[in-house]
Structure formats: structure tokens, C-alpha cells
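As C-alpha cells, the structure follows; a few thoughts come after it.
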Amino acid sequence: MRLKQYQVDAFTERPFGGNPAAVVPLAAWLPDELLQAIAEENNLSETAFYVPRGPAYELRWFTPAAEVDLCGHATLATAHVLFTHEHASGDAVTFHTRSGDLVVRRSATALEMDFPARVPAPVDPPPRLAEALGVTPLETLAADDYLVVLESEEAVRAVTPDFTLLATLDRRGVVVTAPGREADFVSRFFAPRLGVPEDPVTGSTHCELAPYWGQRLNRTTLRAFQCSRRGGEILCTLRDTRVLLAGHAVTFLRGEIDLAQ
């Protein structure tokens with residue numbers, strides 16, 4: 001058996017930026033353990049698998065360690081593959097996922113994803129969070145992840161986590177965020193319990209970050225920058241209970257997975 005595979009850099013307009021994701025088109029679902037083994041072998045933060053279902057697609061995402069409920073950059077990468085290489089018709093694709101139906105639309109300038117908002121609520125910092133991050137939060141909130149607010153972009157860039165301690169926390173991961181110098185806000189995301197010490201650019205965390213910063217800044221449109229080593233830009237638009245996330249993607253490679261041995 002041979003499977004096509006694409007590797008796409010998402011939330012960037014240039015190779016070697018943004019967040020790389022693998023995208024594997026399938027005619028039908030393979031066993032979960034095989035999907036997980038492929039994701040582990042790729043050793044990227046996410047591998048996306050999709051299967052056509054009528055006019056739409058079923059879509060699943062795997063880190064090297066586990067399947068996840070929502071992934072932004074691999075969704076963007078999959079839409080890019082469909083529009084650029086797999087001849088999807090029209091200007092929108094719909095994905096059936098564990099987080100409901102997700103629609104990605106293309107325009108002349110970007111791809112725009114329509115995701116559910118995850119509004120974070122203030123919480124008491126869990127034990128060892130400050131120790132794990134090496135900083136004292138100004139504010140701690142939680143949704144799918146712990147959201148830790150710091151005073152400046154410089155403080156976010158300077159965080160050096162203890163990943164062993166972070167992996168003991170009870171949420172998917174930890175986001176650190178602050179006002180940006182050029183963007184409206186910046187962030188970094190750590191998810192060592194999912195096998196992703198630091199994710200370069202994370203669409204799903206912006207479903208939490210955009211509602212927080214939108215309320216704080218009294219804005220419905222926000223420019224975000226995830227200031228990992230690779231870095232990536234996301235335009236966030238708040239719309240009722242949804243967050244529209246717009247960005248670019250570029251293909252890095254096309255190849256085959258050989259399962260014939």
C-alpha cells in the first residue's frame with residue numbers, strides 16, 4: 001500500500017516558517033493504530049488524515065502521541081492541499097470533525113477557517129504552573145488550555161519551560177500571551193503531554209486567545225503573532241460564538257508513504 005503525503009507550512013507565506021503539518025489523503029479509514037504510527041513516524045506536531053464523504057471530508061488530527069479534538073494549522077494545511085493539489089471545486093471546503101463541522105474558505109489573499117470560540121474563564125493557577133514556566137502570571141484563565149497572561153512580548157519570548165512539570169498539568173497545554181509590539185497580541189504554546197513541547201503556530205489556541213483579547217481590547221478583529229522560533233501570523237475575527245482565523249500556507253514537499261513491506 002502506498003499513500004500520498006504532503007508537508008505544508010501553515011500560517012506563513014514562505015517555506016521554513018509557520019507550522020509544518022503532514023496531510024495524508026485516504027480513500028477509507030485505516031486502523032487507528034496505523035494512523036497513530038504514521039503520525040509518530042512523521043514526528044511533526046500534527047498529521048492530518050482526510051476521507052471524502054459526499055461533497056465534504058471527514059478530517060482527523062494526530063500528534064506523535066495522541067489524536068486531538070481540534071487543530072488549526074493542520075486544517076489550514078489540508079484545505080491548502082485540497083485547493084492546490086487535489087482539485088477541490090468551489091471556494092469552500094467543509095470538514096466533519098470531532099469538533100463539529102469546520103468550513104475553510106479561500107479568497108484572493110488568504111484561507112479563512114471558521115472555528116468554534118473557546119472562551120477562557122479565570123481560574124486559580126494550578127500548583128507548580130509558575131514553577132514550570134519560570135514566571136509569575138499576571139492572570140491565569142482556562143478553556144481547553146491554561147492561558148497565562150504576562151506583562152510584555154519580551155516576557156513571552158523569554159519563557160523557558162520545564163516540560164516535565166508542564167506535562168503533569170491537567171489541561172491539553174499551556175498558552176503564554178501578552179500585548180504585542182507590532183501585533184495586537186503575541187503568544188507561545190506548550191503541549192508536552194501530547195508529545196509537542198512547543199508548537200510553532202497553533203490555530204486552535206486562538207479560539208481561546210481571540211475572545212480574551214477581543215474583550216480586553218474591545219475589538220472584533222485582531223492581528224496575532226505566535227512568537228515561536230519559526231513564528232506565524234493569524235488574523236482573528238470574532239463573530240458571535242465563532243472565531244474566523246485567516247492565514248496562508250505553502251507546500252514544502254510531496255511524497256509517498258510506503259506500507260508495502
query = So, of the residues in the range 110-146 that are charged (D, E, K, R), loosely packed, with under 14 Cβ neighbours inside 10 Å and modelled with pLDDT of 95 or more, which turns out to be nearest to Ala191 (Cα to Cα)?
reply = Glu131
remark   = All-but-one check, Ser228 against (1) closer than 20 Å to Phe11 by Cβ; (2) polar (S, T, N, Q); (3) in contact with a Leu (Cβ under 9 Å, 6 or more places away or on another chain), failing number (3)
message = Quick check on this structure: which one of Arg254, Arg157 is in the same structural domain as Glu13 (by TED's automatic domain parsing) and either surrounded by fewer than 16 Cβ atoms within 10 Å (Cβ to Cβ) or touching a Ser or Thr at 6+ places or on another chain (Cβ under 7 Å) (or both)?
response = Arg254
ask   = Restricting attention to the range 81-109, which residues are touching a Leu at 6+ places or on another chain (Cβ under 6 Å) and either exposed (fewer than 14 other Cβ atoms within 10 Å of the Cβ) or farther than 24 Å from Pro211 by Cα (or both)?
value = Ala88, Val93
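Against the condition at pLDDT below 95, touching a Phe, Trp or Tyr at 6+ places or on another chain (Cβ under 8 Å), more than 17 Å from Ser45 (Cβ to Cβ) and among the acidic types (Asp, Glu), how does Glu182 come out, does it pass? Write out each step before concluding.
Numbers: at pLDDT below 95: no; touching a Phe, Trp or Tyr at 6+ places or on another chain (Cβ under 8 Å): yes; more than 17 Å from Ser45 (Cβ to Cβ): yes; among the acidic types (Asp, Glu): yes.
In short, no.
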remark   = Here the residues within the range 52-97 that are out of contact with any strand residue (DSSP E or B) (no Cβ under 7 Å at 6 or more places or on another chain) and either assigned to a strand (DSSP E or B) or of a type in the set (D, E, K, R) (or both) are Pro52, Asp69
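Quick grid of which residues meet (1) touching a Lys or Arg at 6+ places or on another chain (Cβ under 8 Å); (2) at pLDDT 95 or above; (3) within 24 Å of Cys236 (Cβ to Cβ):
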{"position": "Val51", "(1), (2), (3)": "no, yes, no"}
{"position": "Ala66", "(1), (2), (3)": "no, no, no"}
{"position": "Thr75", "(1), (2), (3)": "no, yes, yes"}
{"position": "His80", "(1), (2), (3)": "no, yes, yes"}
{"position": "Phe95", "(1), (2), (3)": "no, yes, yes"}
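This table checks each residue for (1) out of contact with any Pro (no Cβ under 9 Å at 6 or more places or on another chain); (2) among the polar types (S, T, N, Q); (3) not assigned by TED's automatic domain parsing to the domain that holds Arg157.
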{"residue": "Gly180", "(1), (2), (3)": "yes, no, no"}
{"residue": "Ala183", "(1), (2), (3)": "yes, no, no"}
{"residue": "Thr202", "(1), (2), (3)": "yes, yes, no"}
{"residue": "Pro211", "(1), (2), (3)": "no, no, no"}
{"residue": "Thr220", "(1), (2), (3)": "yes, yes, no"}
{"residue": "Gln226", "(1), (2), (3)": "no, yes, no"}
{"residue": "Gly232", "(1), (2), (3)": "no, no, no"}
Selection within the range 188-221 - of a type in the set (D, E, K, R) and surrounded by 21 or more Cβ atoms within 10 Å (Cβ to Cβ) = Arg188, Asp199, Glu208
request  = Take the residues in the range 33-58 that are surrounded by fewer than 20 Cβ atoms within 10 Å (Cβ to Cβ) and among the acidic types (Asp, Glu), then tell me which one is farthest from the chain's Cα centre (by Cα).
outcome  = Glu33
request  = Could you list all residues from the range 225-261 that are part of a loop (DSSP other than H, G, I, E, B), of a type outside the set (A, V, I, L, M, F, W, C) and closer than 30 Å to Ala37 by Cα?
outcome  = Ser228, Arg229, Arg230, Gly231, His248, Gln261
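Taking the range 222-251 as the search range and keeping residues that are of a type in the set (A, V, I, L, M) and without any contact (Cβ under 8 Å) to a residue 60 or more places away in the chain, which one is surrounded by the fewest Cβ atoms within 10 Å (Cβ to Cβ)?
Going through the qualifying residues, I end up with Leu222.
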note = From the option list Val201, Val159, single residue qualifying as farther than 16 Å from Ala65 by Cβ, β-branched (Val, Ile, Thr) and at pLDDT 95 or above is Val159
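The values are calculated or read from the model by the stated rules, or taken from the named source; none is laboratory data. Bear in mind the structure is a predicted one, so any value in this text is a computation, not a measurement. When we count neighbours, we look across all protein chains shown, and the Cβ atoms used for this are built from the backbone with ideal geometry, even at glycine.
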